[in-house]
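A.B. asks: What follows is a structure written as structure tokens; I'll ask about it next.
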Amino acid sequence: MPSATARKPQTLPNDLESYWIPFTPNRAFKKAPRLIARAKDMHYYTPEGRPVLDGTAGLWCVNAGHNRAPIVEAIQAQAAELDYPPAFQYSHPKAFELASRIADLAPGDLDHVFFCNSGSEAVDTALKIALAYHNGRGEAGRTRLIGRERGYHGVGFGGISVGGIVNNRKHFGSLLAGVDHLPHTYNREKQAFTKGEPEWGGHLADELERIVALHDASTIAAVIVEPMAGSTGVLPPPKGYLQRLRAICDKYGILLIFDEVITGFGRLGHAFAAERYGVIPDLMTFAKGITSGSVPMGGVVVRNGIYGAFMHGPEHVTELFHGYTYSAHPLACAAGLATLDLYREENLFERAKKMEPKFADAAMSLKGLPNVLDIRTVGLTCGIDIASKPDAVGKRGYDMMEKAFHEEGVMVRNMGDTLALTPPLIVSEAEIGEIFDKVAKVIKAVN
Ligand SMILES: Cc1ncc(COP(=O)(O)O)c(C=O)c1O
């Protein structure tokens, strides 16, 4: 180990070495950095002022478009008014206002909101609430958590345990005990080039019956799935799948958690995917779009019966021993309120729904290009599977993302060799055309 007192070699003030960039090949990035200095509406701008069309809403979060004046002004005003009150034992008015607004948007009796600061924290919070719920009701044996292969639920130990993306799990030890996984819902032979929810695959929800038969329902606390699996490459749920999961969970008293960190706030043309699919989960996580990416925030919405189950015992005693210093931070609450206003004033969720067919047609126009194996679309979201190089899996996807940024001026996301396009909900028809024209050029250029 180097000595702590050893002198570091002299570095330039703006040296790129110090920052360890998350989920990024650092050495490749630092050779040809993709730096963003500014953003407005549908565009990013590099430090040199070159515009880059945002095909990804940042990381699936900037649903209202970049640096929208009402959100910026709300954050500025809040910073000048109240920096921080303790999140435990005290609170501030905007926390209650935002919780009410979210409960209003959420379907059914999803009426209570627990705040945190990210999707990963939201997932850990939801899993802990599920465990504590059963524990408090005298079913302490219900400790198993069921996730799904290819699922992404953030990077906390809870999230990677129920998640099903192997690279996010295999380096990090034995993870949480007592976790099992449903099979993923993708089958290229049966589903390739489907717009929206595939016809094939609803029966895969019945695998939950097999898991119940193996472990017994009395040991299972909750099932967690993304209604649309995003980070694994955009897998819309097969028709009927979520409804069947709901029915099986009801049959066995298992809580159903929807991880709506990506699907919340308009991505699928509704406030939440739960509304699109007519399925009400017991707990629902959110993050990203709540502030349109402007200030970190996440949370969990829970049904009345779950919240109610905690509200017992002496009133001076804390009901749930969980929370974060920055739960419901004033800046995030102010940003969230302004964002929800903007979504409503500009009908952005309905707009996404109206644009969905045009977006899907534009995406499918790439069918037949070299190396394109499958294209999937749902809401304003699309995944494009590119054939992997046999000797370098992920290289084509990476090269395409890089070329798109440096040469075509469009931001795309690559998850290995799958490209994802998920623009802000303010995207125009012309911009949809521009995104896919540029992506087509990139796909043709990279071999
Ligand atoms: C479904 C889902 N859950 C959780 C997360 C984690 O969110 P965060 O990166 O804010 O921790 C993500 C992030 O993409 C996500 O897509």
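The values are calculated or read from the model by the stated rules, or taken from the named source; none is laboratory data. As the structure is a prediction and not an experimental result, all values here were calculated from the model. As a convention, Cβ positions derive from the backbone with ideal geometry for all residues, glycine included, and neighbour counts pool all protein chains shown. For accessibility, only protein heavy atoms count, side chains too; no ligands or nucleic acids. Shrake-Rupley method; radii C 1.70, N 1.55, O 1.52, S 1.80 Å.
A.B. asks: Would you mind stating whether residue 328 is among the small types (Gly, Ala, Ser) and out of contact with any Leu (no Cβ under 9 Å at 6 or more places or on another chain)?
C.D. replies: Criteria not met by residue 328.
A.B. asks: Another one. Can you name the residue in segment 233-272 that is of a type in the set (Gly, Ala, Ser) and out of contact with any strand residue (DSSP E or B) (no Cβ under 7 Å at 6 or more places or on another chain) and, of all such residues, is farthest from residue 111 (Cα to Cα)?
C.D. replies: Here the answer is 240.
A.B. asks: Yes or no: residue 261 within 12 Å of the ligand (Cβ to nearest atom) and open to solvent by less than 10 Å² (accessible area, probe 1.4 Å)?
C.D. replies: Judged against the criteria, residue 261 is not a match.
A.B. asks: Considering segment 73-95 alone, what residues qualify as being more than 22 Å from residue 320 (Cα to Cα), part of a helix (DSSP H, G or I) and open to solvent by 50 Å² or more (accessible area, probe 1.4 Å)?
C.D. replies: Passing the criteria: 73, 76, 77, 79, 80, 81.
A.B. asks: How many of the residues in segment 131-158 are surrounded by 23 or more Cβ atoms within 10 Å (Cβ to Cβ) and within 13 Å of the ligand (Cβ to nearest atom)?
C.D. replies: 7
A.B. asks: Do we find that residue 248 is under 23 Å from residue 158 (Cβ atoms) and surrounded by fewer than 24 Cβ atoms within 10 Å (Cβ to Cβ) in this structure?
C.D. replies: In short, yes.
A.B. asks: Filter segment 164-193 down to the residues that are within 22 Å of the chain's Cα centre (by Cα), touching a residue at least 12 places away in the same chain (Cβ under 8 Å) and in a helix (DSSP H, G or I) and list them by number.
C.D. replies: Selection gives 168 alone.
A.B. asks: Going by the conditions given, is residue 256 touching a residue at least 12 places away in the same chain (Cβ under 8 Å), under 23 Å from residue 179 (Cβ atoms), within 16 Å of the ligand (Cβ to nearest atom) and not in a loop (DSSP other than H, G, I, E, B)?
C.D. replies: When the stated conditions are applied, residue 256 passes them.
A.B. asks: Can you pull out the residues in segment 364-403 that are in contact (Cβ under 8 Å) with a residue 40 or more places away in the chain and among the hydrophobic types (A, V, I, L, M, F, W, C)?
C.D. replies: Within segment 364-403, 364, 366, 369, 372, 373, 375, 378, 380, 382, 384, 386, 400 qualify.
A.B. asks: So, of the residues in segment 36-72 that are small (Gly, Ala, Ser) and surrounded by fewer than 18 Cβ atoms within 10 Å (Cβ to Cβ), which turns out to be nearest to the ligand (Cβ to nearest atom)?
C.D. replies: Looking at residues that are small (Gly, Ala, Ser) and surrounded by fewer than 18 Cβ atoms within 10 Å (Cβ to Cβ), I get 37.
A.B. asks: Within segment 366-380, can you find the residues that are in contact with a Gly (Cβ under 9 Å, 6 or more places away or on another chain) and either open to solvent by 10 Å² or more (accessible area, probe 1.4 Å) or assigned to a strand (DSSP E or B) (or both)?
C.D. replies: 374, 375, 376, 377, 378
A.B. asks: Would you mind finding the one in 59, 131, 98 that is touching a Lys or Arg at 6+ places or on another chain (Cβ under 8 Å), closer than 21 Å to residue 337 by Cα, in a helix (DSSP H, G or I) and of a type outside the set (Ser, Thr, Tyr)?
C.D. replies: Just one listed residue meets the conditions, 59.
A.B. asks: For segment 118-140, check the following and say yes or no: at least one residue is more than 23 Å from residue 180 (Cβ to Cβ), more than 24 Å from the chain's Cα centre (by Cα) and touching a residue at least 60 places away in the same chain (Cβ under 8 Å).
C.D. replies: yes
A.B. asks: Would you please name the residue that is farthest from residue 210 (Cα to Cα), looking only at residues in segment 130-160 that are out of contact with any Phe, Trp or Tyr (no Cβ under 7 Å at 6 or more places or on another chain) and β-branched (Val, Ile, Thr)?
C.D. replies: Step by step, filter segment 130-160, then rank; the result is 155.
A.B. asks: With the requirement that a residue be in a strand (DSSP E or B), open to solvent by less than 30 Å² (accessible area, probe 1.4 Å) and within 30 Å of residue 419 (Cβ to Cβ), what does segment 194-231 give you?
C.D. replies: Result: 223, 224, 225, 229.
A.B. asks: Cβ-Cβ distance below 6 Å, separation of 6 or more or different chains: which pairs start in segment 264-281 with a residue that is on the phi < 0 side of the Ramachandran plot and end on one that is basic (Lys, Arg)?
C.D. replies: Note: pairs meeting the criteria are 268/276; 270/276; 279/246.
A.B. asks: Taking segment 96-123 only, how many residues are within 16 Å of the ligand (Cβ to nearest atom) and surrounded by fewer than 24 Cβ atoms within 10 Å (Cβ to Cβ)?
C.D. replies: 3
A.B. asks: For segment 159-181, give me the residue count where each residue is buried (at least 23 other Cβ atoms within 10 Å of the Cβ), under 14 Å from residue 230 (Cβ atoms) and hydrophobic (A, V, I, L, M, F, W, C).
C.D. replies: Of the residues in that region, 0 qualify.
A.B. asks: Return yes or no: is residue 164 more than 13 Å from the ligand (Cβ to nearest atom) and touching a Lys or Arg at 6+ places or on another chain (Cβ under 7 Å)?
C.D. replies: Here the answer is no, as residue 164 does not meet what is asked.
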